[in-house]
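Encoded as structure tokens, the structure appears first; notes follow it.
The values are calculated or read from the model by the stated rules, or taken from the named source; none is laboratory data. From a predicted model like this one, the values you see are computed outputs, not experimental measurements. Quick reminder, even Gly has a Cβ in these numbers, built from the backbone with ideal geometry, and neighbours come from all protein chains shown.
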Amino acid sequence: MEPLDSDVSRTFLATLQYNGTGFVGWQRQPAGRSVQAEVERVLERLFARRTIAHAAGRTDAGVHAIGQGVSFTAPANWTDSALHRALNALLPRDCWVAAVHPAQSGFHARKSALSRRYRYDIGLDGASGSPFRSPFEWALGRPLELELLQAAAQVIRGEHDFRAFAAKVDKPHYRCGIMQADWERRPDGRGVSFQVEADRFLQRMVRMLVGTMTDIGLGRRPLSDMAALLERQDNGTTSAPAPPQGLYFVSVVYPPELFTEPAREPHAAVQPA
């Protein structure tokens, strides 16, 4: 452990991966195990002071991450390489830090982000019910019409009001800009994946989008419902959210000038604009 001999702080961004199965989500909750609490527990042990960790996105219970951005301040004598080793030595086995990057003072993992990317995996084959797969995808186990899924995804591209796809309707506004929304086949006939990138996401927005598009792909709803829902002022007729275990926080894009030195290797959570 590094000695604590300075009150001066440095800001860092950690790229965090976690298996969301055993967590109530990223954010601290009155009850239950959260990713934020686990990270802050380790930071407090390392720095001998309470340290707040800010995430690029507040994932729900059961949602996974392969490129979650987490910012925090550390005593100035800590280096990125030392933090990387120390965090992985002390974090629980269902969390892992892929990289640590020094950032400019005032950097904030959520507020500094330009966009975020999520992926949702659906298993369409019978083997998706395997205990080695079902905790990490939606084990639907039946065919979906990929052309209908792609047509539904095309409707949401661009800037729209996504009030109908928000779990809570108490935001100042519900406009989000979707830069990418695509469905693709997964390798080895395992099903399909939805890739989506936006400047912001509302609570459970991706899961509600996937739930609705899946109903369209199953023939339970007409394709025209996608555009109709974007005109609604509530979520009363939106399909139920897709289950959490198929959702992954993939990456976040930041302006490169917010980092004090170039990343030594490219990584999902540190993508230049």
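When you check R58 against the structure, is it modelled with pLDDT of 95 or more, in contact with a helix residue (DSSP H, G or I) (Cβ under 9 Å, 6 or more places away or on another chain) and of a type outside the set (F, W, Y), yes or no?
Working: modelled with pLDDT of 95 or more: no; in contact with a helix residue (DSSP H, G or I) (Cβ under 9 Å, 6 or more places away or on another chain): yes; of a type outside the set (F, W, Y): yes.
Judged against the criteria, R58 is not a match.
Look at L90 and say whether it is more than 29 Å from W138 (Cβ to Cβ) and surrounded by 21 or more Cβ atoms within 10 Å (Cβ to Cβ).
No: the conditions fail for L90.
When segment 6-38 is examined, which residues are found to be closer than 16 Å to P92 by Cβ and either in contact with a Ser or Thr (Cβ under 9 Å, 6 or more places away or on another chain) or charged (D, E, K, R) (or both)?
A14, Y18, G20, F23, V24, G25, W26, R28, R33, V35, E38
Restricting segment 94-125 to residues that are under 19 Å from the mean Cα position of the chain (by Cα) and of a type in the set (D, E, K, R), which is surrounded by the fewest Cβ atoms within 10 Å (Cβ to Cβ)?
It comes out as K111.
Just to verify a result, which residue in segment 126-137, among those that are among the hydroxyl-bearing types (S, T, Y) and touching a residue at least 24 places away in the same chain (Cβ under 8 Å), is surrounded by the fewest Cβ atoms within 10 Å (Cβ to Cβ)? Show your work before the answer.
Of the residues in segment 126-137, the ones among the hydroxyl-bearing types (S, T, Y) are 128, 130, 134.
In the following step, the residues that additionally are touching a residue at least 24 places away in the same chain (Cβ under 8 Å) were identified as 128, 134.
Details: S128: 21, S134: 17.
If we take residues in segment 126-137 being among the hydroxyl-bearing types (S, T, Y) and touching a residue at least 24 places away in the same chain (Cβ under 8 Å), then S134 is surrounded by the fewest Cβ atoms within 10 Å (Cβ to Cβ).
Looking only at segment 100-117, decide whether some residue is assigned to a loop (DSSP other than H, G, I, E, B), modelled with pLDDT of 95 or more and over 29 Å from F201 (Cα atoms).
no
Would you say L13 is in a strand (DSSP E or B), in contact (Cβ under 8 Å) with a residue 12 or more places away in the chain and touching a strand residue (DSSP E or B) at 6+ places or on another chain (Cβ under 7 Å)?
The answer is yes for L13.
Considering only residues of segment 1-43 that are surrounded by 13 or more Cβ atoms within 10 Å (Cβ to Cβ), of a type outside the set (S, T, Y) and farther than 29 Å from P135 by Cα, which is modelled with the lowest pLDDT?
If we take residues in segment 1-43 being surrounded by 13 or more Cβ atoms within 10 Å (Cβ to Cβ), of a type outside the set (S, T, Y) and farther than 29 Å from P135 by Cα, then L4 is modelled with the lowest pLDDT.
Take the residues in segment 168-213 that are surrounded by fewer than 19 Cβ atoms within 10 Å (Cβ to Cβ) and closer than 17 Å to Q245 by Cβ, then tell me which one is modelled with the highest pLDDT.
Only one residue tops the list, namely S193.
If you scan segment 124-143, which residues turn out to be in contact with a Pro (Cβ under 7 Å, 6 or more places away or on another chain) and either over 26 Å from F23 (Cβ atoms) or outside the structural domain of R185 (by TED's automatic domain parsing) (or both)?
L124
How many residues does segment 36-57 contain that are closer than 15 Å to A14 by Cβ, among the small types (G, A, S) and out of contact with any Lys or Arg (no Cβ under 9 Å at 6 or more places or on another chain)?
Number satisfying all stated conditions: 1.
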